[in-house]
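Note sheet for the following structure.
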Amino acid sequence: MNFNDIIVVGAGIAGTMTALSLQRRGHSVTLIDKWEPGHPRASSTDYNRVIRAIHGRDEFYTRWAREARLQWLELQEETGQRLYYECGALILATAGHCDWEDATCETFSKLGVPHHRFDQRELAVRFPQFKSDDIAYGIYEPEAGLLMAHRAVISAVQLFQKLGGVVKRGAVSTDADEYPLLDGKRMQADRIIIATGPWMADMFPRTIKPISTVVGVNVLYTATPAGNERYDHSNMPCWIDHGQGSFGMPSVEGHGVKAAVVIPDKIDLDNDERLIRRSTIDRTRQYIRKRLPGLEGERVVDSKFNQIILTPDTHFIVDWHPAHDKVLMVGGCSGHLFKHGPVFGDFAAGVAAGEYATADRFKLGKRKKLSPSESPSGR
């Protein structure tokens, strides 16, 4: 079935990739956002994001991440923009708390995902940037790396327009029945797809808010030592350090080493300024002293304040509104949607076009927190 009028609300990674996939299918698509695509309020902003197939016991997301990697490479070729740096990803498994990492090794072996398992001694030799005396082992995924997030969104929007898609500015809200309004008027379209990230919670107080939490994440970029290339993407992988509640990326394109200590922070999406807290700088520096001692004393050169909408089970949302059969809600990023962007967008587009139903894991309804061994994100 070909739809002549599809509106996608939200020009972040979920909305843009869904709109692009629908446009490729031959539909007539309009992409709407309150602000210019790539604006600094968006969850899809910031310079870069990790892409890795490491998802614990979850084979679904593992396969999706592997397919997404190929699609990112294709998109990079199609747009002529550098979107992906394959520097690898390292998961540091803390002794006594390795359920997620143990499960990942089993999944990788079963699915044939290239990886290496290094013990503490091997880590010290292979990755001297990290102090690993409290680490049981590390999982290194060589076919992983980082995506240039802001550039990827802008490039995808431009490709969408090149293929005939329309981008408009507009404020979308909902009425008392949770039906979408554009500038205060009921939206009329064959399909309306809502991909507004954290804003979905307040837009759908009965449907989305009960199964989601909006949290802020403070991110710092630290300068690399003068004359030293050890912390550049050509010599250092991205990493995840669940034992310390942290993750990071090597320096790429001169941005510095990205490190985040995940301390969930409250945020008023429309009124709070996107400034990090002083306590975050101190906490991140403590982490750097512990895990990346060669960066101790280096200056913070940039910072970003991001926000995510987190579902209890960290699964995405792709489902029709229970009261409005033309309204499809997509997102619930849970901090790990960006890497899946092209595959997620293609799946959501297929659901929107009526090609197939959504997956059970993406349906609305009750959600429960998963154990570390079950969780796809390790949280």
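Derivation of every value follows stated rules applied to the coordinates shown; laboratory data play no part. From a predicted model like this one, the values you see are computed outputs, not experimental measurements. Every residue, glycine among them, receives a Cβ derived from its backbone with ideal geometry; neighbour counts consider all protein chains shown.
Considering only Gly245, Asn271, Pro293, the residue lying farthest towards the positive end of the dipole of region 242-295 is Pro293, judged by Cα position with unit charges set on Cβ. Among Val215, Val257, Gly227, whose Cα sits farthest toward the positive end of the charge dipole of region 205-265 (+1 at Cβ of Lys/Arg, -1 at Cβ of Asp/Glu, about the Cα centre)? Value: Val215.
Computed extension length for Arg126-Asn271: 47.7 nm, one decimal, from 0.36 nm per residue of separation with the Cα-Cα distance subtracted. Taking the C-alpha atoms only, the angle from helix 149-162 to the longest principal axis of the chain is near 30 degrees.
Adding -39500 (n - 2.57) for every DSSP H run of four residues or longer, then dividing by how many residues the chain holds, sets the calculated 222 nm ellipticity at -8000 deg cm²/dmol.
In region 59-92, which residues have a backbone nitrogen under 20 Å from the label point lying 7 Å from Ser373's Cα in the Cα-to-Cβ direction? Within reach of a label on Ser373, which here means backbone N under 20 Å from a point 7 Å along Cα→Cβ, region 59-92 contributes 59-62, 92. Peptides 233-240, 334-341 ranked from most to least packed, by the mean per-residue count of other Cβ atoms within 10 Å: 334-341, 233-240. About the centre of its Cα atoms, region 296-361 shows a dipole size close to 120 debye [charges on the beta carbon of Lys, Arg (+1) and Asp, Glu (-1) only; nearest 20 debye]. Between the listed residues Asn2, Trp35, Gly112, the Cα displaced farthest toward the positive end of the dipole of region 1-124, a dipole computed from Cβ unit charges relative to the Cα centre, is found at Asn2.
Between Lys290 and His39, what length comes free when the chain is fully extended (0.36 nm per residue of separation minus the Cα-Cα distance, one decimal in nm)?
87.0 nm
Per-residue Cβ neighbour counts within 10 Å put Tyr221, Tyr287 in the sequence Tyr287, Tyr221, beginning with the fewest. How high is the relative contact order of the chain, in percent, counting Cα pairs under 8 Å that sit 6 or more residues apart? Once normalised by length, the contact order is 25 percent. In a GNM of the chain with a 10 Å cut-off on Cα contacts, which of Thr104, Thr358, Thr45 has the highest mean-square fluctuation? Top of the fluctuation ranking is Thr358. Between helix 99-111 and the chain there is an angle of about 70 degrees, using the helix long axis and the longest principal axis of the Cα atoms. Taking the Cα centre of region 56-194 as origin and assigning +1 to Lys and Arg Cβ atoms and -1 to Asp and Glu Cβ atoms, the resulting dipole is close to 620 debye.
The angle separating the long axis of helix 341-352 from the principal Cα axis of greatest extent in the chain is about 20 degrees.
With 27 Å as the limit on Cα-Cα distance, the pairs of Lys209/Lys369; Lys34/Lys162; Lys326/Lys366; Lys326/Lys369; Lys162/Lys363 that go past it are Lys326/Lys369; Lys162/Lys363.
Here are several values of mean projected area of the Cα convex hull in nm²: (i) 23.7; (ii) 17.7; (iii) 19.0. Which one was derived from the coordinates shown? From the options (i) 23.7; (ii) 17.7; (iii) 19.0, the structure gives (ii).
For the residues Met17, Met148, Met187, a GNM of the chain with alpha-carbon springs under 10 Å puts the largest fluctuation on Met187. A Cβ-based charge dipole, computed about the Cα centre of the chain with Lys and Arg at +1 and Asp and Glu at -1, lands at about 400 debye.
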